[in-house]
Amino acid sequence: MRMQLLARTVLFGVVASISAGTVVGAQEPTTNVGVRGGYTFDTEEMLLSANLVVPMTSRAEFYPSVDVYAPERGSRIGFNGDFKIYFPKLGRFVYGGFGAGVISTTVGDSSHTELGGNLLLGLEARIGWFHPYAEGRAIRRDQTHFQLFAGFNISRGP
C-alpha cells in the first residue's frame, strides 16, 4: 500500500513535469542538477545527496533526490519525490515544499523499508548558472526526523 502511494506521487511528478514543459519554456528552460551534504539530527547521521530540479511553472519545481546515509552499522539509502514552491512576495530566494520519501536500511541480513512524508523550507541564491542553497527538512515516517542541508545546483543549457 505504501509503495503504491510513493509510486503514484512520483508518477504524478513526472507527468506534471513533462506536461508543464511547454509552459516552462518561456520562463526557465533549464533543468538543474545538484549535490548536497546534510545531517539528520535525530539519528546523528551524515548524508550525501544528488538531486534534479525540474521546472513545472514559474513558481513550482519537481525536486527528486537520492540520499546516501552514513550510519554506524549497515547501509541506508533514500529516495525523495518533492515539489518546491517559491513564495511570490519573497522573490526567488525563499521556498517551501512537500513530498514523499522512501528509505531502505540494511544491517547484516536484515532489511527494512519505510515510506514517509516530507516538508521543507529553504533559501536559495541564483548566481548565474550556480545556485547555492540551505534547506531544512522535516520527515515523518515511524518517527519525525529533522535534517539540515547545504548544497548547490548547476543550471544546464542556455
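If you go through the stretch 53-63 and keep only what is assigned to a strand (DSSP E or B) and either closer than 15 Å to PHE149 by Cα or touching a helix residue (DSSP H, G or I) at 6+ places or on another chain (Cβ under 8 Å) (or both), you end up with VAL54, PRO55, PHE62, TYR63. Filter the stretch 123-153 down to the residues that are of a type outside the set (S, T, N, Q), surrounded by 14 or more Cβ atoms within 10 Å (Cβ to Cβ) and farther than 25 Å from PRO71 by Cα and list them by number. Correct list: GLU124, ARG126, HIS131, PRO132. Could you look through the stretch 43-64, keep only residues that are among the hydroxyl-bearing types (Ser, Thr, Tyr) and under 24 Å from GLY91 (Cα atoms), and pick out the one that is modelled with the highest pLDDT? Selected residue: TYR63. With respect to ALA100, determine if the residue is in contact with a Ser or Thr (Cβ under 6 Å, 6 or more places away or on another chain) and surrounded by 14 or more Cβ atoms within 10 Å (Cβ to Cβ). It is true that ALA100 is in contact with a Ser or Thr (Cβ under 6 Å, 6 or more places away or on another chain) and surrounded by 14 or more Cβ atoms within 10 Å (Cβ to Cβ). Quick check, is TYR69 surrounded by 15 or more Cβ atoms within 10 Å (Cβ to Cβ), among the aromatic types (Phe, Trp, Tyr), closer than 28 Å to GLY128 by Cα and touching an Asp or Glu at 6+ places or on another chain (Cβ under 9 Å)? No.
Scanning the stretch 64-88 for residues that are in contact with a strand residue (DSSP E or B) (Cβ under 7 Å, 6 or more places away or on another chain), assigned to a loop (DSSP other than H, G, I, E, B) and farther than 20 Å from VAL53 by Cα yields a total of 4.
The values are calculated or read from the model by the stated rules, or taken from the named source; none is laboratory data. Owing to the predicted nature of the structure, the values given are computational and were not obtained by experimental measurement. In this analysis, Cβ positions are derived from the backbone assuming ideal geometry, glycine residues included, and neighbour counts consider all displayed protein chains.
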